[in-house]
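Visitor: Structure below; questions to follow.
The values are calculated or read from the model by the stated rules, or taken from the named source; none is laboratory data. Because the structure is a prediction, the values reported are computed rather than measured. Neighbour counts run over all protein chains shown; Cβ positions are idealised from the backbone, glycine included. Side chains included, ligands, DNA and RNA excluded: accessible areas come from the protein's heavy atoms. Shrake-Rupley method; radii C 1.70, N 1.55, O 1.52, S 1.80 Å.
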Amino acid sequence: MLQVPLPIAFTKKEIDLLTDKWSDSEISSRTGYAYSRVRKARRHHGVKTFTQKTGNVKIGRTGEIRKKGSVRGVIREDNLDDRYFENIDTPVKAYWLGVLLADGWSCLRGGVPKEVGLAFEVKDKGHLETFKRDTGYSGRITRKLNENSFSKDGKSIMSSIRITCQRFTKFAIKAGIKPKKSGQLEIPIGAYNFPSDFVRGFADGDGSIGAKNFTIICGSPDFQTQLLLFISDHTGHDLYPQAPLSPKTGKPVERLTGYRKDKPVLDWMYKNAERYLPRKLDKYHKYWK
């Protein structure tokens, strides 16, 4: 039996207008035509795809728009809580906000939110696994060489994750993880909801606990003052602002230091803690409990 080919589903004008707004798969779902017929009509009339016209791609069922080439793969919406930082409404979120402010980053591409990243020393890889579980992220942890380390040879191997998701990054930036934040840190609004958790997170990212004192690296004189007042308001203790010169760069390294009389600050930080860097908690128990 002779099969008669199906007519072209759309005129050139129709398919041209549709591809101004939608991808081939979206046109298929919205019009009821099979994807193959949509694609056939577009190619028959020599019409460019949505991506070819705009330079953007649409991601899965979310319809999220990203610049073409801005990601190396697609993060499915069920593999990440992409609204995780929309509201800092739990102590755990406030903790990770502090960690990211100290040791993480965000970046844009062409003005569009691109990614959020976090790196720890290899020995703390398990803490990245905890961050993955809390955010629902299913991507992999990679290793990278840090050539600006404060180790003896100036190099160290880091474990890191890079969450490439426009919506996740947008909310992280709104929460306070701003691009190019170095030297421009500010106490985020969400930190005031759970102050001890935020400070513990920041100290886990950029701090240390020893037998005689504990320190928090601040990154700039302005943030040093902000953090000093923030901790003082909640504990009644003023940590000591210092800025010794870095032996590596020769530049001041702003930090806050606490001594034995300031033990209540550590007690405040670790009281009822849900998230913490295990090796620093161990030092707290060893030297300060």
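Visitor: Can you tell me the dipole magnitude for the chain around its Cα centre, using point charges on the Cβ only (Lys, Arg +1; Asp, Glu -1), in Debye to the nearest 20?
Guide: 1280
Visitor: Going by alpha carbons, how many degrees (0 to 90, nearest 10) lie between the helix axis of 125-135 and the longest principal axis of the chain?
Guide: Value to nearest ten degrees: 50.
Visitor: Given a cut-off of under 8 Å on Cα pairs at least six residues apart, what relative contact order in percent is computed for the chain?
Guide: 16
Visitor: For the chain, modelled as a GNM with alpha-carbon contacts under 10 angstrom, which of I189, I209, I163 fluctuates the most?
Guide: Result: I189 has the largest fluctuation of those listed.
Visitor: Still on this structure: Using amide H atoms built in the peptide plane, which far-off residues or other-chain residues are under 5 Å from D238 H to H?
Guide: Hits under the 5 Å cutoff: none.
Visitor: Now a separate question. Residues of the chain: accessible area per residue at 1.4 Å, in Å²?
Guide: 55
Visitor: Give me the number: length gained by fully extending S232 to N272, i.e. 0.36 nm times residue separation minus the C-alpha to C-alpha distance, one decimal in nm.
Guide: Extra length from S232 to N272 when fully extended: 12.4 nm.
Visitor: If you rank V57, V116 by how much accessible surface each has, with a 1.4 Å probe, what is the order from largest down?
Guide: V57, V116
Visitor: Right, next: Probe radius 1.4 Å, ligands and nucleic acids ignored: give me the carbon and sulfur share of the accessible area of region 152-260 as a rounded percent.
Guide: With neighbouring chains kept in place, the figure for region 152-260 is 53 percent.
Visitor: Against the longest principal axis of the chain, how steep is helix 166-175, in degrees 0 to 90 to the nearest 10, with axes from Cα atoms?
Guide: Compared with the principal axis, the helix lies near 30 degrees.
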